[in-house]
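Taken together, the values in this text are just the output of simple stated rules run on the coordinates, not laboratory data. On a predicted model such as this, the values are computed, not experimentally measured, just so you know. Note that we place each Cβ from the backbone using ideal geometry, even for glycine, and neighbour counts take in every protein chain shown.
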Amino acid sequence: MDHFAYRDGRLVCDEAPAAELAERFGTPLYVYCARTIRHHFRVLRDAFAALDAPPLLCYSVKANSNLSLLRLLHGEGAGFDVVSGGELLRVRAAGGDPKKVVYAGVGKSTREIHEALAAGILLFNVEAETELERIDACARAQNAVAGVALRLNPDVDPKTHRYITTGKKENKFGINLDRAERVLRHAQELRGVECRGLHIHIGSQITDPKPYVEAIRRVLDYVASGAPGTERVRWLDIGGGFGVHYRSQEALPAAAFAQAIVPELAGRGLNVILEPGRFIMGNAGILLTRAVTVKRSGERRFVICDAGMNDLMRPALYQSYHRVWPAAGQAPPADQGARDGHGHVDVVGPICESGDFLGNDRDLPEVAEGDLLAVFSAGAYGMSMASNYNTRPRPAEVLVDGAEARLIRRRESYDDLLGPERECL
Ligand code: LLP
């Protein structure tokens, strides 16, 4: 469910017409819908309300780290899942509560560990035994005790793109289950850490609850085995990964995941953490872009836009599918997903690479130069993965709530681009 719709022949975001936003703020432009973000957050929270205790929803900052969006989610009661000192800094700048922060990441630096300890975060999700020792040393140096959760690798296949599969044993993430006992024992010997939880994150854009159930069973079997240290385990962090619609209606509602997962956890006395990123943001954002040049080459038509792979990297990096459609006229047909891939239009960016596309082989109505197009489902891993490749300023971002539209990140200027080098010239 989202609040982007075609009304009277034009695309609106909630009550704000896309064309007016593009006129006012320029393109390329990320547009987010506050109502959709809140809706997804609440739907997920409510779906898991049947757990023994309400879950802590730690929004995964990497999906979209804009300060105003973090603030909005903090207002909803969210905690945060961070993977760097920079993301923690963002959470704090947005007014988020460090006591509701979990910190994962396979390469935490000593500096980052110190910063997170000083901030008083809830849990470090520990990815290796040597990392545990580093966290212990940092904590003792600060006279603190770090709350940690072991990130376990449950070795399940979430059946998603291989670049975003994280819980198989050949992936770099987490500690293999057969080593867990040894690491947990080790943790007990370290004065600077207390192992209070276990963590899994099996992948992203997952559209089947079964791999979660399988992974949770493996971890809970381990807890039930009564291995030393497991009695201290109060938190079970089941990670993120719930998929969203990109093509048509391929994702599952939160309730479908909850129905499968909640019974597994019932009566265990564990506090559950979820780390949703894409589920909250994916369909809450679009990228508005203008056609700069339209040209033909035999049967093919190229619509060359002012947004490219530096603004939205997902198609180039994962060949991922985003719906692309003109902002004026009729809504895309409901079966666009099924028919796509056979069209004659390549919607591409201005970057000097053939992999720079937004949507290939599309069936699109006639597009003229200057027309506005929307790239849908771009709220997650869009702006947060944008770069300055080809020395292009990153887009502006706008948050719409009702009829009100507010700039939440200004467009980068040429000074922003050259600044860090100019001072070294
Ligand atoms: N927790 C951990 C430990 C993670 O590594 C991730 C995502 C999440 C939570 C949030 O996952 P989500 O709920 O958003 O699926 N750039 C890729 C996605 C990379 C996901 C990385 N980890 C993409 O654009 O598809």
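What the table shows:
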{"quantity": "Relative compactness, the stretch 292-425, computed as alpha-carbon Rg over 2.2 N^0.38 Å", "calculated": "1.15"}
{"quantity": "Amide H within-cut-off set for residue 229, under 5 Å, with H built and near neighbours excluded", "calculated": "none"}
{"quantity": "Amide proton proximity set for residue 292, modelled H, under 5 Å, gap of 5+", "calculated": "304, 305, 306, 370"}
{"quantity": "Column: log10 I(q)/I(0), Debye, Cα scatterers of the stretch 1-99, q = 0.12, 0.25 Å⁻¹", "calculated": "-0.50, -1.24"}
{"quantity": "Mean Cβ neighbour count within 10 Å, used as a protection proxy, ranking 276-285, 263-272, 415-424, 50-59 highest first", "calculated": "276-285, 50-59, 263-272, 415-424"}
{"quantity": "Mean separation of Cα contacts under 8 Å, 6 or more apart, over the residue count of the stretch 34-277: relative contact order %", "calculated": "21 percent"}
{"quantity": "In order through the stretch 16-29: 3J(HN,Hα) via Karplus (6.51 cos²θ - 1.76 cosθ + 1.60), integer Hz, x for Gly, Pro", "calculated": "9, x, 4, 4, 5, 5, 5, 5, 6, 10, x, 10, x, 9"}
{"quantity": "Unit charges at the beta carbon, dipole of the stretch 34-277: most positive-side option, 107, 70, 154", "calculated": "70"}
{"quantity": "Whole-percent pair-distance distribution, where bins are 5 Å wide, for the alpha carbons of the stretch 161-305", "calculated": "2, 8, 15, 17, 15, 12, 9, 6, 5, 4, 3, 3, 2, 1, 0"}
{"quantity": "Which of 390, 165, 285, positive extreme of dipole for the chain (C-beta unit charges)", "calculated": "165"}
{"quantity": "Prolate/oblate/rounded call for the stretch 34-277, Cα gyration tensor, a/c under 1.5 rounded", "calculated": "oblate"}
{"quantity": "Nonlocal amide H pairs with residue 80, under 5 Å, H built at 1.01 Å", "calculated": "59, 101, 102"}
{"quantity": "DSSP beta bridges in the stretch 34-277 [antiparallel fraction, %, rounded to 5]", "calculated": "5 percent"}
{"quantity": "Estimated 222 nm signal from helices in the chain, with DSSP H stretches of n ≥ 4 weighted -39500 (n - 2.57), rounded to 500", "calculated": "-8500 deg cm²/dmol"}
{"quantity": "Cβ charges +1 (Lys, Arg) and -1 (Asp, Glu), total dipole of the stretch 303-380, debye", "calculated": "280 debye"}
{"quantity": "Radius of gyration and Dmax over the Cα atoms of the stretch 110-158, both given in Å", "calculated": "12.0, 41"}
{"quantity": "Only Lys, Arg (+1) and Asp, Glu (-1) charged, at Cβ; the stretch 213-324 dipole about Cα centre in debye", "calculated": "560 debye"}
{"quantity": "Within the chain: Cβ-based charge dipole about Cα centre, in debye rounded to nearest 20 (Lys, Arg +1; Asp, Glu -1)", "calculated": "540 debye"}
{"quantity": "Degrees, to the nearest 10: 177-189 long Cα axis against longest axis of the chain", "calculated": "60 degrees"}
{"quantity": "Beta bridges by DSSP in the chain, antiparallel share as percent, to the nearest 5", "calculated": "45 percent"}
{"quantity": "Protection proxy ranking, peptides 1-12, 212-223, 122-133, average beta carbon neighbours within 10 Å, highest first", "calculated": "122-133, 212-223, 1-12"}
{"quantity": "Dimensions (Å) - the chain, Cα atoms, principal axes, largest first", "calculated": "68, 54, 40"}
{"quantity": "Potential lengthening between residue 413 and residue 248 on full extension [0.36 nm per residue; Cα-Cα distance subtracted]", "calculated": "55.8 nm"}
{"quantity": "Within straight-line cross-link reach of residue 210, lysines at Cα separation under 20 Å, skipping those fewer than 8 residues along the same chain", "calculated": "159, 168, 169"}
{"quantity": "Candidates per GluC sites (Glu not before Pro) in the stretch 292-398, loop by DSSP, up to 15 other Cβ within 10 Å", "calculated": "299, 353, 366, 369"}
{"quantity": "Rounded to 10°, Cα long-axis angle of helix 254-265 versus longest principal axis of the chain", "calculated": "10 degrees"}
